[in-house]
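The block underneath contains the structure these notes are about, expressed in structure tokens.
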Amino acid sequence: MDNIKNVIGSLLTGPATPDSEYVIPGRTYGEVYETAAGILDACGSAGMSPGEPVCLCTEDKVLVAAAVLASLAGGPLLVIPYALSERGVRETAEAMGVRAGLADREIPLPAGMRCITPARGRWRKAEQPRGMDDPCLQLFTGGSTGKPKVWTKTPVNVVSEAAFQAEKHGITQEDYFIATVPPYHIYGFLFSVMIPFVAGARVMERVVVFPREIVDALEKNPVTVLASVPVHYRVLNGEKIHAPALRRAFSSAGPLDRNDALWFYRETGVGVEEIFGSTETGGIACRCPAVGREILEPFSCVTWKIEDERLCVKSPFLSPDLPFDSTGFYTTGDRVEAAGSGFSLLGRSDGIVKVGGKRVDLNSVRDIIKRIPGVRDAHVFSLPGRKARDTDVAAVVEADTTEEELKQVLSGAMESYAMPRRLRVVAKLPSTSTGKIDREALLKLFAPGR
């Protein structure tokens, strides 16, 4: 704890090298601190009290880092929506009572919210910084269906994870990051904003998404660190990749296909480090099958155990909103088995799957479908993805309606990534002789040619 206090204290003192680039091209660490000062000034001028929530409505990495600094300094509580869509910002504002959105330019916001676009100011060391265990950041997940969940992060949570990952993976001020995931996603926030910032490294301004974009960025820039997700490693499989400076590659937000990892390793000589964890738990473990590390190896700062096949963890990264037992352990929704010095995954016990790196609650999708007029019953499950997607949501619906009519209704009820990509309407859900859902019969409905 004392070490993290020192790290946070050092961050709040001011930039060690104000003229060094943080976001490429040409945006410096000094600009981050000046923008943080501008946020504090703008929130004060707007009559906002310290700790009042402000919604992050930008992908600008300088502004994101500045907002974190302002929050650590005792300014606004930074709220990050699950998506920057109109729906995502509106639900976040409604859930938190947010009156202001933080953006790099004037943008339309839901009624009752004002847009704050901070000018630069003069950074001063905080006189009353945020308490180490007080909320400084709140992230929303599961907004695909119904109300989103909110997870609180403290200064200890945010800074200790960034500092730990930077130290474990040898990140220094010589490193140059690119990311294929935006900074409002917890993984993008950590690996394209916080880790580079804590380490004094540089990061590319653009979020590269398309295969040619990623390949060109790796070839034409001295990129040393790639932070990506399984869906993007999938589309890179088959591409010729020339990345002469690359030394680290990371993946998170879902299981990485082994063939995709091996292709990337053969092309670049760099094994992809898979980070296992969630928004609420932070990082728990890692593995790198391409270089023979098949088992998830828990991080040194994470204490873990297995009870009734469920993974239980205790670490400085855990959100204080989680239900802990009397000894400080949190029981996750992951089923695991011990293997070597770590564990391997058996699956989830709570109906949560990842689609394109976003969390989808299958039970919530089912409940929404069952509320549609004409629907008598529904079964929702996941299938291996098609067209470079890691997972597809599938639904078999017992109803007196058509698939097109169902899709039309569902499009207004949930985010697009949670929509069942494979949908069948039947007169009656297939069941076994004991009355249980016949999963084999359900799978046959999605066989090729059906």
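The values are calculated or read from the model by the stated rules, or taken from the named source; none is laboratory data. None of the values given here were measured: they were computed from a predicted structure. As a convention, Cβ positions derive from the backbone with ideal geometry for all residues, glycine included, and neighbour counts pool all protein chains shown.
Out of the residues in segment 321-354 meeting the condition of being surrounded by fewer than 20 Cβ atoms within 10 Å (Cβ to Cβ) and among the basic types (Lys, Arg), tell me which one is modelled with the lowest pLDDT. Looking at residues that are surrounded by fewer than 20 Cβ atoms within 10 Å (Cβ to Cβ) and among the basic types (Lys, Arg), I get 348.
One residue stands out in segment 227-278 among those that are acidic (Asp, Glu) and under 22 Å from residue 196 (Cα atoms): the one that is farthest from the chain's Cα centre (by Cα), namely 273. With respect to the conditions (1) under 26 Å from residue 151 (Cβ atoms); (2) in contact with a Leu (Cβ under 8 Å, 6 or more places away or on another chain); (3) charged (D, E, K, R), residue 377 lacks only one, and its number is (1). Taking segment 73-100 as the range and being in a helix (DSSP H, G or I) and over 21 Å from residue 278 (Cβ atoms) as the test, the residues that pass are 86, 87, 89, 90, 93, 94.
Would you mind stating whether residue 297 is surrounded by fewer than 15 Cβ atoms within 10 Å (Cβ to Cβ) and in contact (Cβ under 8 Å) with a residue 24 or more places away in the chain? So residue 297 fails the test.
State whether one or more residues within segment 355-365 are among the hydrophobic types (A, V, I, L, M, F, W, C) and modelled with pLDDT of 90 or more. The answer is no, given that none of the residues of segment 355-365 is among the hydrophobic types (A, V, I, L, M, F, W, C) and modelled with pLDDT of 90 or more. Out of the residues in segment 213-248 that are touching a Ser or Thr at 6+ places or on another chain (Cβ under 7 Å) and under 18 Å from residue 173 (Cα atoms), state the one that is surrounded by the most Cβ atoms within 10 Å (Cβ to Cβ). Filtering first and then ranking leaves 227. Of all residues in segment 339-371, those satisfying the criterion of being without any contact (Cβ under 8 Å) to a residue 40 or more places away in the chain and either more than 26 Å from the chain's Cα centre (by Cα) or assigned to a helix (DSSP H, G or I) (or both) are 362, 363, 366, 370, 371. The condition (being under 17 Å from residue 206 (Cα atoms), touching a Gly at 6+ places or on another chain (Cβ under 7 Å), of a type outside the set (Val, Ile, Thr) and in contact (Cβ under 8 Å) with a residue 12 or more places away in the chain) is satisfied by just one residue among 57, 43: 57.
When the helices (runs of 4 or more DSSP H) confined to segment 119-201 are screened for residues that are touching a residue at least 12 places away in the same chain (Cβ under 8 Å) and within 16 Å of residue 280 (Cβ to Cβ), those reaching at least 2 such residues are found at 155-168, 186-189. Scanning segment 277-294 for residues that are at pLDDT 95 or above and either among the hydrophobic types (A, V, I, L, M, F, W, C) or part of a helix (DSSP H, G or I) (or both) yields a total of 4. Residues in segment 18-40 that are outside any helix (DSSP H, G or I) and either at pLDDT 95 or above or in contact with a strand residue (DSSP E or B) (Cβ under 6 Å, 6 or more places away or on another chain) (or both): 18, 19, 20, 21, 22, 23, 24, 27, 28. Looking across 119, 163, one residue alone is closer than 24 Å to residue 102 by Cα, touching a helix residue (DSSP H, G or I) at 6+ places or on another chain (Cβ under 7 Å) and surrounded by fewer than 23 Cβ atoms within 10 Å (Cβ to Cβ). It is 119.
Looking at the structure I just gave you, is residue 369 farther than 21 Å from residue 229 by Cα, of a type in the set (Val, Ile, Thr) and either surrounded by 15 or more Cβ atoms within 10 Å (Cβ to Cβ) or in contact with a strand residue (DSSP E or B) (Cβ under 6 Å, 6 or more places away or on another chain) (or both)? Yes, satisfied. In the set (1) farther than 24 Å from residue 24 by Cβ; (2) in contact (Cβ under 8 Å) with a residue 40 or more places away in the chain; (3) in contact with a Pro (Cβ under 9 Å, 6 or more places away or on another chain), the condition left unmet by residue 231 is number (3).
With respect to being assigned to a strand (DSSP E or B), modelled with pLDDT under 95, within 22 Å of residue 119 (Cβ to Cβ) and not basic (Lys, Arg), residue 43 falls outside the description.
One residue stands out in segment 410-426 among those that are assigned to a strand (DSSP E or B) and modelled with pLDDT of 85 or more: the one that is nearest to residue 372 (Cα to Cα), namely 425.
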